[in-house]
Amino acid sequence: MTALIDERRIAASLFELITSNSCPDWFTERELAIYLRLVNKDGKPITSGIKKWASRDPKDNPLPRRYIGDLPRFFRPDVIRWTEEETKRHHSKLKFSDSVP
């Protein structure tokens, strides 16, 4: 029962973040994890995927990040564009692997 309650709380806070007019244009790794719904069963953000995507080789479509001083930040329009490109990249990989005998 507590897992169900946690999921409702997570969903409510994510919905509020995404639909509010105050949704930030700049995210920390933790904020981006919440925005992308990368949370564990307790509702805590998981940033390991973000760090992995951001550190990809340039030819492998890294997640774009910018720095404010030494702090990495993610610009929402860049993230949206990256997710669209990543989806296309993922689908093309799937099509290629399906066509290989």
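Quick notes on this structure:
- When region 54-86 is filtered for residues that are of a type in the set (A, V, I, L, M, F, W, C), modelled with pLDDT of 95 or more and within 11 Å of residue 26 (Cβ to Cβ), the ones remaining, listed by number, are 74, 75, 79.
- Answer residue from region 11-24, given it is part of a loop (DSSP other than H, G, I, E, B) and surrounded by 11 or more Cβ atoms within 10 Å (Cβ to Cβ) and is modelled with the lowest pLDDT among those: 23
- Index of the failed condition, residue 62 passing every other in (1) surrounded by 14 or more Cβ atoms within 10 Å (Cβ to Cβ); (2) assigned to a helix (DSSP H, G or I): (2)
- Number of the exception - residue 54 against (1) more than 30 Å from residue 9 (Cβ to Cβ); (2) surrounded by 12 or more Cβ atoms within 10 Å (Cβ to Cβ): (1)
The values are calculated or read from the model by the stated rules, or taken from the named source; none is laboratory data. What you are looking at is a predicted structure, and each value in this text was computed from that prediction instead of being measured. Using ideal geometry, Cβ is built from the backbone for each residue, glycine included, and neighbour counts are taken over all protein chains shown.
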